[in-house]
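Every number in this text was worked out from the coordinates using simple rules, so none of it is lab data. What you are looking at is a predicted structure, and each value in this text was computed from that prediction instead of being measured. Every residue, glycine as well, gets a Cβ built from its backbone with ideal geometry; the counts of neighbours run over all protein chains shown.
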Amino acid sequence: MTGNGRYAPSPSGDLHVGNLRTALLAWLFARSTGHGFLMRMEDLDERSVDGADERQLAELAAIGVDWDPPVLYQSSRRARYAEVIDSLTDAGRTFECFCTRREILDAPRAPHAPEGAYPGTCLHLSDTELRERRESGRPPAIRLRCDTTEFTVDDLLRGAYTGLVDDFVLRRGDGTPAYNLAVVVDDAETEVDQVVRGDDLLASAPRQAYLATLLGYEPPTYAHAPLVINANGMRLSKRDGAVTLEDLAAQGVSAQDVLDLIARSLNMAGPDESVTAGQLLGRFDPAALPRGAWVWST
Ligand code: GLU
């Protein structure tokens, strides 16, 4: 059975050309393979801005990306995430972690511990230590008690990718469900079997696929697309001048122009050609996509 693809923006502001390009790619992958295409607002954390969701949806529509309703808001799913965390706790799969970010960075590590892995500080607290920490008043994060150090995912653009899995956070100390948990539960429960997103998230895919497996879900197939970078080789951001549809429109660059630029950057349109998203769908060939980053310069 063919499931769904999706685009899952964080509604923290207007989308920039890099976000729009990734969204278009996710849409092309899904619609060219008979997948449904879902839209999910990752609005759990404090970076969410009121009204940014509606603006982002309008921006996506302006370049011809459509989706199968309804738009899913992660903020409406908190009870479900709590249930999943409780089920992992009941299965002995979680522990409370009282570490600050600083303590984690400064913790002594075993000589061959993988770079960036949680050092295990709160993994084996005695009952007394646990009580003391609970009484200290600092609310704990909940971490996954994992039993591996790496996991391999299947990526349509990168091939097999093996990366670090550690005792990662499922719920932050402030009670917010962690991105890695919410993404896995939502993808599985909305039948997403194709995840197309920016390659800044490649390193989280092994953790997510591992968690999916633990929860009894089949991990999705991934395609991590190269990001758009600025002239200095840094990931494109709002600081790079006119990069949103609104900013570009003020400079006389229309949404159609942006779609054409994106299509050219994907080797899917000629230098003077104007295209529709529908035309791109007919031309889409993942094997022909450029493998390097797109340098945005204005
Ligand atoms: N919300 C994440 C972001 O905007 C994307 C998450 C995902 O695609 O898995 O970076």
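Odds and ends about this structure:
- Cysteines without a disulfide-compatible partner [the chain; Cβ-Cβ under 4.7 Å]: C99, C146
- Across the stretch 26-66, Cα-Cα distances exceeding 16 Å account for 46% of all pairs.
- For the stretch 189-251, the list of GluC sites (Glu not before Pro) that fall in a loop by DSSP and count at most 16 other C-beta atoms within 10 angstrom reads E191.
- Prolate/oblate/rounded label for the stretch 227-275 (Cα gyration tensor, a/c 1.5): oblate
- Most mobile of V195, V185, V84 in a GNM of the chain (Cα contacts under 10 Å): V84
- Whole-Å distance, taken between Cα centres, linking the stretch 33-56 and the stretch 79-115: 27
- A Förster distance of 45 Å, applied to the separation of the beta-carbon atoms of V71 and E132, puts the FRET efficiency at 0.50.
- Pair Q251, E54: separation of 7 Å Cα→Cβ label points (nm): 2.8
- Three-way shape call for the stretch 1-96 based on the alpha-carbon gyration tensor, with the a/c threshold at 1.5: oblate
- Ordering of 175-184, 72-81 by burial proxy (mean other Cβ atoms within 10 Å per residue, highest first): 175-184, 72-81
- Between R239 and Q279, the contour length at 0.36 nm per residue exceeds the Cα-Cα span by 11.2 nm.
- Peptides ranked, highest mean first, by Cβ atoms within 10 Å: ranges 156-165, 34-43: 34-43, 156-165
- This ranking places H112, H16 by how few other beta-carbon atoms lie within 10 Å of each, fewest first, which gives H112, H16.
- Shape call, the chain: gyration tensor on alpha carbons, a/c limit 1.5: prolate
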